[in-house]
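The values are calculated or read from the model by the stated rules, or taken from the named source; none is laboratory data. Since this is a predicted model, take the numbers as computed values, not measurements. Virtual Cβ from ideal backbone geometry, glycine too; neighbours counted across all protein chains shown.
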């Protein structure tokens, strides 16, 4: 199984899958990671129009956030789309493989930035 994790800065799970060009690719056997490498898409490649060819053989995409339209396109291609608050790519993959990853609900344009609790602004009169 191949799992891709959005990681534009190569260190954390990226919040916006559609604009990400760097992905950690994990190849797994059962619940074990057997290989990990970084995939960087060319400038102009991205998810907004279609799945970039270098990612067409993944089974799972983990991201901090993605639009419902992207989630739908991935599902049409047999790819499971996962959004999570977990920021560490290795921990996200490990938790997903073990069935313990906390996932965000699959609707709207969701992610860490969109779902963070924000203090209420005082009402203006």
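Filter the range 59-72 down to the residues that are touching a residue at least 24 places away in the same chain (Cβ under 8 Å) and in a helix (DSSP H, G or I), then identify the one that is surrounded by the fewest Cβ atoms within 10 Å (Cβ to Cβ).
68
Do the conditions hold for residue 15, that is, is it in a loop (DSSP other than H, G, I, E, B) and within 16 Å of residue 105 (Cα to Cα)?
yes
Go through (1) within 20 Å of residue 86 (Cα to Cα); (2) surrounded by 16 or more Cβ atoms within 10 Å (Cβ to Cβ); (3) without any contact (Cβ under 8 Å) to a residue 60 or more places away in the chain one by one and return the number of the condition residue 9 breaks.
Against the list (1) within 20 Å of residue 86 (Cα to Cα); (2) surrounded by 16 or more Cβ atoms within 10 Å (Cβ to Cβ); (3) without any contact (Cβ under 8 Å) to a residue 60 or more places away in the chain, residue 9 comes up short only on (2).
What residue, of 31, 50, 67, is touching a helix residue (DSSP H, G or I) at 6+ places or on another chain (Cβ under 6 Å) and modelled with pLDDT under 95? Give the steps one after another, and end with the answer.
Details: 50 fails: touching a helix residue (DSSP H, G or I) at 6+ places or on another chain (Cβ under 6 Å); 67 fails: touching a helix residue (DSSP H, G or I) at 6+ places or on another chain (Cβ under 6 Å).
Answer to the check: 31.
Return yes or no: is residue 46 farther than 18 Å from residue 104 by Cβ, in contact (Cβ under 8 Å) with a residue 24 or more places away in the chain and surrounded by 12 or more Cβ atoms within 10 Å (Cβ to Cβ)?
yes
Identify all residues within the range 28-57 that are in contact with a strand residue (DSSP E or B) (Cβ under 8 Å, 6 or more places away or on another chain) and over 20 Å from residue 9 (Cβ atoms); write none if there are none.
Of everything in the range 28-57, those that are in contact with a strand residue (DSSP E or B) (Cβ under 8 Å, 6 or more places away or on another chain) and over 20 Å from residue 9 (Cβ atoms) turn out to be 28, 33, 34, 35, 57.
If I filter the range 103-118 for residues that are modelled with pLDDT of 85 or more and either more than 19 Å from residue 13 (Cα to Cα) or surrounded by fewer than 18 Cβ atoms within 10 Å (Cβ to Cβ) (or both), do I get at least one hit?
yes
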